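Peer 1: Dropping a structure here in C-alpha cells format, bear with me for questions.
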Amino acid sequence: MPERWNIVILRRPKRYLERLPKNEQKRILQALEDLQTDPEQTFVKPLVGRPEGSLRVGDLRILLRVEKERGQIIVTRIGPRGDVYKQ
C-alpha cells in the first residue's frame, strides 16, 4: 500500500469545486488530503450497485473510487446529497 495516495479529480467535479465558495473548497480539499494520507481510516460509505464510495463533507458528497493497485483515489462527482447520486 502506498505511503501517500495520488488523488485524481475528473473534469466535471473539478469545475464544480472551482465554482464553490472558498470556504467550501477548503473543506473539500482538506477532506481529500486526509483521505490521501490514509484512506483506510477515513469513512467512505460504499454504494450499492456502483463502483464508487461516498465521502460526506457537510451537505456535499464526494463520489470516489479507490484503486488500491494503482495507489489512486479518483473523484468522479461532487455535489449536494440529492443530486450527486443521479447518473
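Every number in this text was worked out from the coordinates using simple rules, so none of it is lab data. Nothing here was measured: the structure is a model prediction, and the numbers come from that model. Cβ: placed from backbone, ideal geometry, glycine included. Neighbour counts: every protein chain shown.
Peer 1: Working only within the stretch 35-50, note down all residues that are surrounded by 13 or more Cβ atoms within 10 Å (Cβ to Cβ) and closer than 17 Å to Q72 by Cα.
Peer 2: Those that are surrounded by 13 or more Cβ atoms within 10 Å (Cβ to Cβ) and closer than 17 Å to Q72 by Cα: L35, Q36, P39, T42, V44.
Peer 1: Being surrounded by 18 or more Cβ atoms within 10 Å (Cβ to Cβ), touching a Lys or Arg at 6+ places or on another chain (Cβ under 8 Å) and either part of a strand (DSSP E or B) or in contact (Cβ under 8 Å) with a residue 12 or more places away in the chain (or both): is that true of L64 here? Don't jump to the end; show me each part of the working.
Peer 2: Numbers: surrounded by 18 or more Cβ atoms within 10 Å (Cβ to Cβ): yes; touching a Lys or Arg at 6+ places or on another chain (Cβ under 8 Å): no; either part of a strand (DSSP E or B) or in contact (Cβ under 8 Å) with a residue 12 or more places away in the chain (or both): yes.
It is false that L64 is surrounded by 18 or more Cβ atoms within 10 Å (Cβ to Cβ), touching a Lys or Arg at 6+ places or on another chain (Cβ under 8 Å) and either part of a strand (DSSP E or B) or in contact (Cβ under 8 Å) with a residue 12 or more places away in the chain (or both).
Peer 1: Here is a follow-up. With the requirement that a residue be in contact (Cβ under 8 Å) with a residue 12 or more places away in the chain and closer than 23 Å to R19 by Cα, what does the stretch 67-85 give you?
Peer 2: If the condition is that a residue be in contact (Cβ under 8 Å) with a residue 12 or more places away in the chain and closer than 23 Å to R19 by Cα, then I73, I74, V75, T76, R77, I78, G79, P80, R81, V84, Y85 are the ones that fit.
Peer 1: Would you check which residues across the stretch 15-33 are of a type in the set (D, E, K, R) and exposed (fewer than 13 other Cβ atoms within 10 Å of the Cβ) and list them?
Peer 2: Narrowing the stretch 15-33 to residues of a type in the set (D, E, K, R): 15, 18-19, 22, 24, 26-27, 33.
Passing the criteria: R15, E18, R19, K22, K26, E33.
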